[in-house]
Amino acid sequence: MSEPGKPGMLDRLRARFGWFDHAMRANDHFDECRGNFFAAGLTYYTIFALFPLLMVGFSLGGFVLSRRPDVLTGIEHRVTAAVPGALGKQVVDAVNSAIESRASVGIIGLLAAAWVGLNWM
């Protein structure tokens with residue numbers, strides 16, 4: 001701690017190094033303009049937008065796999081070989097269910113992405 005009436009270490013560094021004073025003033029301005037608040041909001045909507053985009057991506061994957069049954073069969077065989085027992089069948093059933101609902105998942109994903117995108121701007 002510094003003695004009363006004498007400048008502290010931060011004040012001495014700001015006086016000695018112009019670049020450090022500039023960075024500290026920029027930080028102070030960022031705080032005054034509530035930059036942390038806006039950065040948090042932007043981060044929230046960016047992460048929130050990832051889920052609809054994943055839905056659209058899985059929907060597109062479902063459309064591709066529905067047109068390529070040979071690829072789907074290969075994936076099913078690899079899943080059942082990698083995942084033992086009834087769990088492998090459950091995973092294959094989940095993949096087939098996702099492929100069957102690809103259109104509704106894609107539409108919901110696009111609508112949600114549009115809504116989040118409008119709020120993000």
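What follows draws every value from the coordinates through simple rules; no lab data is involved. The structure displayed is predicted, hence computed values, not measured ones. Quick reminder, even Gly has a Cβ in these numbers, built from the backbone with ideal geometry, and neighbours come from all protein chains shown.
The residue of the stretch 76-95 that is farthest from the chain's Cα centre (by Cα), among those that are over 22 Å from Leu50 (Cβ atoms) and surrounded by 14 or more Cβ atoms within 10 Å (Cβ to Cβ), is Thr80. Just one of the listed residues (Thr73, Thr43) is loosely packed, with under 14 Cβ neighbours inside 10 Å, of a type in the set (Ser, Thr, Tyr) and within 22 Å of the chain's Cα centre (by Cα), namely Thr43. So which residues in the stretch 95-120 are of a type in the set (Ser, Thr, Tyr) and in a helix (DSSP H, G or I)? Residues satisfying the conditions are Ser97, Ser104.
Scanning the stretch 18-55 for residues that are over 29 Å from Ala113 (Cβ atoms) and not charged (D, E, K, R) returns Gly18, Trp19, Phe20, His22, Ala23, Met24, Ala26, Asn27, His29, Phe30, Cys33.
Just the residues that are polar (S, T, N, Q) and in contact (Cβ under 8 Å) with a residue 60 or more places away in the chain, please, taken from the stretch 85-121. I'd like the intermediate steps shown before the answer.
If we filter the stretch 85-121 for residues that are polar (S, T, N, Q), which is where we start, we get 90, 96-97, 101, 104, 119.
The answer is Asn119, and nothing else.
Looking across the stretch 96-121 at every residue that is of a type in the set (Ser, Thr, Tyr) and within 20 Å of Ile75 (Cβ to Cβ), the one that is nearest to the chain's Cα centre (by Cα) is identified as Ser101.
Within the bounds of the stretch 9-17, is there any residue that is exposed (fewer than 11 other Cβ atoms within 10 Å of the Cβ) and without any contact (Cβ under 8 Å) to a residue 24 or more places away in the chain? Yes: the stretch 9-17 contains one or more residues that are exposed (fewer than 11 other Cβ atoms within 10 Å of the Cβ) and without any contact (Cβ under 8 Å) to a residue 24 or more places away in the chain.
Among the candidates Ala103, Ala112, Ala81, Ala86, which residue alone is of a type outside the set (D, E, K, R) and within 30 Å of Thr43 (Cβ to Cβ)? Write out each step before concluding.
Working: Ala103 fails: within 30 Å of Thr43 (Cβ to Cβ); Ala81 fails: within 30 Å of Thr43 (Cβ to Cβ); Ala86 fails: within 30 Å of Thr43 (Cβ to Cβ).
Checking each option against the conditions leaves just Ala112.
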